[in-house]
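Only one structure is covered here, and it is reproduced in the block below.
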């Protein structure tokens, strides 16, 4: 793989184009001031990345929006996805009442009720975006008042997991609760490049094909049909304990839902398995707002398992689909 041609780019020209490692740890600028797409623009992969089986193309438009696409040596046709940067409005102070269940992470962390926050890392209420689309909402303990107030202001009876609130078993109410929760104005995207206020992207193209092995994902884990690959939440993405909610577009996995999810701490190839709340996973909801892709989603959350109220300031956290059913 030596050259890549872009036929279209979303956003507002001029564009600055970077080529990044698939892990997003290293990004190299290859073009700036690009205005002629379409018809097309062609550039050479930087020498330090030519041996990579896949790369991520990062495009920044004139308004600061960031688009990402994955390229392998086999598939050079991108579909960039725009980033979204909302804002935050704080208010009430509710209470956390999680329900513990038995679960032993591997490696085994020390889970305590003592919180040692690192306030210097901001923001701490996070949305990570994965192409598919797969969204990860990270509701950290320090934003419980904001999440609760958002629910009150929008007439929702789900006040957030950090407030000990559960989603309704009634389908209509579940739809309204999840739409309100997904539209929470405080979800903020995090960047590996500090100059750009956008999310860390770990894009998953060609779910049936690994970058280096058809059976493996980019972390070297065996793929399972009709569920998501390994998702990485980098160390200190948030500086507090948090509940993690994974939203998966039901259409991209042939209508299958994930019944078991692996959780790993610091090591991407060692997972302990948990079954998400069956009341929540038994339903889907259709997103009708304007902030994200309008589709029907499955919801997988670590709540209310107290051991899965995870402290990202101590561990890089990995999630992976383990088993599915239709």
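Below are the figures for this structure:
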item	result
Any chance residue 269 is surrounded by fewer than 20 Cβ atoms within 10 Å (Cβ to Cβ), at pLDDT 80 or above, over 29 Å from residue 144 (Cβ atoms) and touching a helix residue (DSSP H, G or I) at 6+ places or on another chain (Cβ under 8 Å)	no
Matching residues, the stretch 133-154, being surrounded by fewer than 19 Cβ atoms within 10 Å (Cβ to Cβ), part of a helix (DSSP H, G or I) and modelled with pLDDT of 95 or more	152, 153
Residue count, the stretch 29-43 (criterion: loosely packed, with under 12 Cβ neighbours inside 10 Å, in contact with a strand residue (DSSP E or B) (Cβ under 6 Å, 6 or more places away or on another chain) and either at pLDDT below 75 or part of a strand (DSSP E or B) (or both))	2
Considering residues of the stretch 281-292 that are under 14 Å from residue 182 (Cβ atoms) and surrounded by 16 or more Cβ atoms within 10 Å (Cβ to Cβ) only, the residue nearest to the chain's Cα centre (by Cα)	292
Check on residue 321, at pLDDT 90 or above and part of a strand (DSSP E or B)	yes
Criterion (under 27 Å from residue 144 (Cα atoms), assigned by TED's automatic domain parsing to the domain that holds residue 143 and in a strand (DSSP E or B)) met by exactly one of 315, 292, 303, 244	244
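The values are calculated or read from the model by the stated rules, or taken from the named source; none is laboratory data. If you're wondering where the values come from, they're calculated on a predicted model, not measured in any experiment. Please note: Cβ atoms are built from the backbone with ideal geometry, for glycine as well, and neighbour counts cover all protein chains shown.
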